Amino acid sequence: MSIGFFNYWVFIILLMIGLYTVMSRSNLIKKMIGLSLFQISVFLFYISMGKVSGGTAPIVVENITDGVAPVYSNPLPHVLILTAIVVGIATTALGLSLVVRIRESFGTIDEDEILEMKDGA
Amino acid sequence: MLSLSSQYPILVAIVPLMAAPICALLRGKTAPWAFTTITSACTFYISIQLLFSVASSGPISYELGGWAPPWGIEYVVDLLSGFMLVLISGISTGVLLYARESITKEVAPQQLGLFFTAYLLALTGMLGISITGDAFNVFVFLEIMSLSSYALIAMGERTDRRALTAAFQYLIIGTVGATFYLIGVGLIYLMTGTLNIADIAARLPEIEGTRPILAAAGFIVIGIGIKLALFPFHVWLPNSYTYAPNIVTAFFAGTATKVGVYLLIRFIFTVFGENYSFGELGLTDILLPLGVLAFLTMSSVAIYQTNIKRLLAYSSVAQMGYIILGISLASESGLTAAILHIFNHAIVKTGLFLSLGCMFFVVGSTYLKDLEGIGKRMPITTFGFVLGGFGLIGVPLTPGFISKWYLVVAALEKGSIIGYSLVALLMISSLLAVLYIWRVVEVAYFRDPPDSVVKREAPMSLLVPTWIFILGSFYFGIETSFNVGIAKVAAAFLMGGA
Amino acid sequence: MLLLIAGTMAVLLVRNLFVATMLLGIVSFTMALIFISLDAVDVAFTEAAVGAGISTVLYIGTLALVGSQEKDQPKFAAGPMVICIAVGAVLYYATYEMPPFGHADNPVQTHVGPRYIQDSPTEIGVPNMVTSVLASYRGYDTFGEVTVIFAAGIGVLLILRQRRRRKNEDDETDVPLDKGKTGRSGSLSGLGSEHDLIPHVIAKLLIPFIFVFALYVQFHGDFGPGGGFQAGVIFAAGIILYALVFSLDLARSVINEKVILFLISAGVLLYGGVGVASMLLGGNFLDYNVLSSDPVAGQHLGILLVELGVGITVTAAMLAIFYAFVGRADLIAAKAEQEKN
């Protein structure tokens, strides 16, 4: 029983660490890194769902030698996560470009320091 | 060759989507704007056609790629989504009419092509969310909308550098929200094996009580709650709305959060069903206090703002509170009030932000201290603003009155102490709205303008669209058959169909 | 798995952002290995290329611009901790009624999934089921995904686009950007050092192979792991490598910003164009069956074209983002130089 959920538990732990990094760190880059971790953990969750024990990658095997049809893992979660990875990198790129501009106009990438400024949002 | 009208459901989303890359290649000051406006107007036309055909012959389903759901992705237009499509594309078109001159003050000319590309993508995202019948497809379009809106908000940076931090803050919070939604969808998929909304709804009853579904509902409600600025997840909204370029604020105030509400209604009523949502999940006990807190606290906070844009932004969060309250009453009249208020508030708030944009265009600031005596300098604009303000307060003959009326009726239906105290709280909140609008009125009419300035109105290209929204709001406040009619039928459909 | 947890903990604790970025890359790479063990080869491929590759490049590029030391911050944040534990607890609570991991009779395996596994080889005729689901059954999601990348490219260009063009290529020298904090010297387009023979020779040998490999991944995606997205990333990586080794300006002369903007748009239009074509031929949007008299051949053609669209947009968007970051560094360097004079 417990071993069956091991992947999900790892997902939960990664997710918690990522979320904590996002919320607790004031450095904007660190926040972005935390956000990436947070997203990666969700990828693990989806991919774990699609796995079938003893299964193989969902690519048709042409020459079946032992006469047993192979068991394939579910391709759907893979597709979803491919999309999610793309969304993740898109978000990262946009976030980092904002960080660069923030650093240029505020001279710092520390959220606390920006908040201390007079017009710091 | 099929007739064009059978392709309308997909066209409404891909017309702006395909227009976006073309727009990115356009150069010059007017070409991107003109192209975007025409595209948006086409979308508006298609949306109206869709709404009519749904109203006369029931929901439309469209199978993308020719694959039957749940294997392929399905587009579903029912009355509510048709209504949202018309609202979003209509507001977008109106705001665009206004945009040509307004935006030149805020965005560099060589950026205009890309700016309108991002605008079209945001429009695509919202339309896609409203029309899709697939839970994962929602996530994809949610991200299209979000990514382009982060960029659009950051464009306010030429006016105030805080636009950058606002956009970054929104990016972080928004991504967390979207990822929460993704986890929720993942949990549902884990339990049902499907992503199609109708299919999920059909398969859920068997496994309704299980813990993963409970957790999924929690993640989805919180994730969407973040996107629609549900109190207390609203922190990103005032900053974003304050520092974004004016037309972006006007566009998003009318549409972006409303799309979130639409999703929430979709999940509560269509996916989970109202019996589960309000029975087992007890969403009334959670959403009702949040809604009430939202309109009480945010209206109070709005009173103390020195920047009118920020004041209106807080008022938006407060108005969200009314909508959430309507949903949480879990009755047909409550839902009617909520849907009605989505529409009414969208029109009123867009009109308000547009008239504020006129002031910004002339004065170059939206701070109260810079707008002293604005009523004498720009009488037409300011009068429009005040009329819009009446709509927010809920003065009779304005649409705000209509939706509050339905909300009060829904609250009274609840009976008992809660119903009556809700009515009392609604009254208090309206009084708070009087106070914050009064602050603007006081500064505008009862203070003298600085001596040096002369009376100057905003150009017609700004005034006309602004007044279209203001007068439109009065039209829908007096001749209510369109908005009330649709809201009632849609609410009945959602309550019955779930 | 435990390595992952250790890695993420380290990311949280380490104060040097450069190290944190590297650790993030390692976590991504480990994740990719785990994906392989979970049969998700396509995803693993992508995660390795994106998580450990492109995103690390982006982070490092940013760090070069903004400095890599985090402010001292030993404080413990109670509020976020409570929220995280609450979120974790809800999920942990949920796991106990989840279907067990890996069982073949879970809803995920029995409801929608089997159709893809059983019928896709005959309906689509493509051995890689991930490709057939990606490009055909859920082709519209992928269209959305291309649009997301397009939106990111546009967004980054909007945010970072240079306000004016550099005056003269010759002006470009290594101007210290912020030596005190970063300890690195400025202009990224000067990165390609002119004197190092070894990188030049190796890169010259490698880059053609990278491009060939990218093309292989692009067009072999129907049969093995791969497809437009991965190919696009690899292709972009090849050009980025070229830019890093031989200087950015050479890379720009090969493929400049205008071309890139055109390509980003072209990819999306190609994808959408296939959809529109299928509509004109009487099918629904993205219904490839009508593209040819034989449905399976139509599917083949459709998938080939949309994957090409994906590849083009992804390559161009990645390059646009890279150029935008590097261009920004030049701008800062130019400003610093102006202030000096």
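Right, B:PRO238: in a helix (DSSP H, G or I), more than 13 Å from the chain's Cα centre (by Cα) and crowded, with 22+ Cβ neighbours inside 10 Å or not?
yes
Taking the options B:PHE115, B:PHE136, B:PHE168, B:PHE141, name whichever one is assigned to a helix (DSSP H, G or I) and more than 7 Å from chain C (Cβ to nearest Cβ).
Checking each option against the conditions leaves just B:PHE168.
Look at C:ALA316 and say whether it is modelled with pLDDT under 80, surrounded by 24 or more Cβ atoms within 10 Å (Cβ to Cβ) and either over 20 Å from the mean Cα position of the chain (by Cα) or in a helix (DSSP H, G or I) (or both). Give the derivation first.
Values: modelled with pLDDT under 80: no; surrounded by 24 or more Cβ atoms within 10 Å (Cβ to Cβ): yes; either over 20 Å from the mean Cα position of the chain (by Cα) or in a helix (DSSP H, G or I) (or both): yes.
Answer is no for this residue.
Applying the selection to segment A:32-54, what residues are surrounded by fewer than 23 Cβ atoms within 10 Å (Cβ to Cβ) and more than 7 Å from chain C (Cβ to nearest Cβ)?
The answer is A:VAL42, A:GLY54.
Among the residues of segment C:45-57, write down those that are farther than 21 Å from C:TYR242 by Cα, out of contact with any Ser or Thr (no Cβ under 9 Å at 6 or more places or on another chain) and not hydroxyl-bearing (Ser, Thr, Tyr).
Across segment C:45-57, the qualifying residue is only C:PHE45.
Confirm whether A:TYR20 is assigned to a helix (DSSP H, G or I), more than 7 Å from chain C (Cβ to nearest Cβ) and modelled with pLDDT of 85 or more.
No, not satisfied.
Check C:VAL87, C:VAL126 and return the single one that is assigned to a helix (DSSP H, G or I) and either under 17 Å from A:LEU35 (Cβ atoms) or among the aliphatic types (A, V, I, L, M) (or both).
C:VAL87
Only one of B:ILE402, B:ILE342, B:ILE347, B:ILE374 is touching a Phe, Trp or Tyr at 6+ places or on another chain (Cβ under 7 Å), surrounded by 18 or more Cβ atoms within 10 Å (Cβ to Cβ) and touching a residue at least 40 places away in the same chain (Cβ under 8 Å). Can you tell me which?
Exactly one residue qualifies, and that residue is B:ILE347.
Just to be sure I understand, how many residues within segment C:105-123 are at the interface with chain B (Cβ under 10 Å from one of its Cβ atoms), assigned to a helix (DSSP H, G or I) and of a type in the set (A, V, I, L, M)?
Total meeting the criteria: 1.
Test each condition in (1) of a type outside the set (Phe, Trp, Tyr); (2) facing another protein chain (nearest Cβ under 10 Å); (3) in a loop (DSSP other than H, G, I, E, B) for B:GLY65 and report the one that comes out false.
Of the numbered conditions (1) of a type outside the set (Phe, Trp, Tyr); (2) facing another protein chain (nearest Cβ under 10 Å); (3) in a loop (DSSP other than H, G, I, E, B), the odd one out for B:GLY65 is (3).
Going through segment B:411-427 one residue at a time, which ones are out of contact with any Gly (no Cβ under 9 Å at 6 or more places or on another chain), surrounded by fewer than 14 Cβ atoms within 10 Å (Cβ to Cβ) and assigned to a helix (DSSP H, G or I)?
Within segment B:411-427, B:SER416, B:ILE417, B:ILE418, B:TYR420, B:SER421, B:ALA424, B:MET427 meet the criteria.
Please go through (1) within 14 Å of another protein chain (Cβ to nearest Cβ); (2) touching a residue at least 40 places away in the same chain (Cβ under 8 Å); (3) among the aromatic types (Phe, Trp, Tyr) for B:PHE83 and return the number of the only condition it doesn't satisfy.
It fails just one condition, (1).
Can you pull out every residue in segment C:219-236 that is out of contact with any Ser or Thr (no Cβ under 6 Å at 6 or more places or on another chain) and buried (at least 21 other Cβ atoms within 10 Å of the Cβ)?
So the first thing to find is which residues in segment C:219-236 are out of contact with any Ser or Thr (no Cβ under 6 Å at 6 or more places or on another chain), and the list is C:219-220, C:223-226, C:228-229, C:231, C:233-234.
Result: C:PRO225, C:GLY226, C:GLY228, C:PHE229, C:ALA231, C:VAL233, C:ILE234.
Go through (1) hydrophobic (A, V, I, L, M, F, W, C); (2) surrounded by fewer than 18 Cβ atoms within 10 Å (Cβ to Cβ); (3) in a loop (DSSP other than H, G, I, E, B) one by one and return the number of the condition C:LEU286 breaks.
Unmet for C:LEU286, out of (1) hydrophobic (A, V, I, L, M, F, W, C); (2) surrounded by fewer than 18 Cβ atoms within 10 Å (Cβ to Cβ); (3) in a loop (DSSP other than H, G, I, E, B): (2).
Could you please let me know if C:MET279 is crowded, with 18+ Cβ neighbours inside 10 Å, in a helix (DSSP H, G or I) and over 24 Å from the mean Cα position of the chain (by Cα)?
Here the answer is yes, as C:MET279 does meet what is asked.
Is there a residue in segment C:115-124 that is surrounded by fewer than 24 Cβ atoms within 10 Å (Cβ to Cβ) and under 19 Å from B:PHE136 (Cα atoms)?
Among the residues of segment C:115-124, at least one is surrounded by fewer than 24 Cβ atoms within 10 Å (Cβ to Cβ) and under 19 Å from B:PHE136 (Cα atoms), which makes the answer yes.
Out of all the residues in segment C:272-292, is one or more in contact with an Asp or Glu (Cβ under 7 Å, 6 or more places away or on another chain), among the small types (Gly, Ala, Ser) and in the same structural domain as C:TYR323 (by TED's automatic domain parsing)?
Yes.
Considering segment A:81-110 alone, what residues qualify as being in contact with a helix residue (DSSP H, G or I) (Cβ under 8 Å, 6 or more places away or on another chain), more than 8 Å from chain C (Cβ to nearest Cβ) and either crowded, with 23+ Cβ neighbours inside 10 Å or at positive phi (or both)?
Within segment A:81-110, A:ALA84, A:GLY95, A:ILE102 meet the criteria.
How about segment C:86-104: which of its residues are within 7 Å of chain A (Cβ to nearest Cβ) and either closer than 20 Å to C:ASN16 by Cβ or at pLDDT 80 or above (or both)?
Selection gives C:VAL87, C:GLY88, C:LEU91, C:TYR92.
Specify the residue that is surrounded by the most Cβ atoms within 10 Å (Cβ to Cβ); the eligible residues are those in segment B:1-50 that are away from every other protein chain (no Cβ under 14 Å) and among the aromatic types (Phe, Trp, Tyr).
Out of the qualifying residues, it is B:TRP33.
Any residue that is facing another protein chain (nearest Cβ under 10 Å) and farther than 18 Å from B:PHE267 by Cβ - is there at least one of those in segment B:179-189?
No - not one qualifying residue is present in segment B:179-189.
Report, ordered by the first and then the second residue, all pairs with beta carbons closer than 8 Å, sequence separation of six or more or different chains, a first member in segment B:142-167 that is closer than 14 Å to B:LEU120 by Cα, and a second member that is assigned to a helix (DSSP H, G or I) and at pLDDT below 85.
Close Cβ pairs satisfying both conditions: none exist.
Identify the single condition in (1) modelled with pLDDT under 75; (2) surrounded by fewer than 20 Cβ atoms within 10 Å (Cβ to Cβ) that C:THR56 does not satisfy, given that it satisfies every other one.
Of everything listed in (1) modelled with pLDDT under 75; (2) surrounded by fewer than 20 Cβ atoms within 10 Å (Cβ to Cβ), C:THR56 misses just condition (1).
Does C:LEU261 meet the test of being part of a helix (DSSP H, G or I), buried (at least 18 other Cβ atoms within 10 Å of the Cβ) and more than 11 Å from chain B (Cβ to nearest Cβ)? Spell out how you get there, then give the answer.
On the way: part of a helix (DSSP H, G or I): yes; buried (at least 18 other Cβ atoms within 10 Å of the Cβ): yes; more than 11 Å from chain B (Cβ to nearest Cβ): no.
Against the criterion (part of a helix (DSSP H, G or I), buried (at least 18 other Cβ atoms within 10 Å of the Cβ) and more than 11 Å from chain B (Cβ to nearest Cβ)), C:LEU261 does not qualify.
The values are calculated or read from the model by the stated rules, or taken from the named source; none is laboratory data. Since the structure is predicted, the reported quantities are computational estimates derived from the model, not experimental observations. Heads up, the Cβs are rebuilt from the backbone with ideal geometry, glycines too, and the neighbour counts pull from every protein chain shown.
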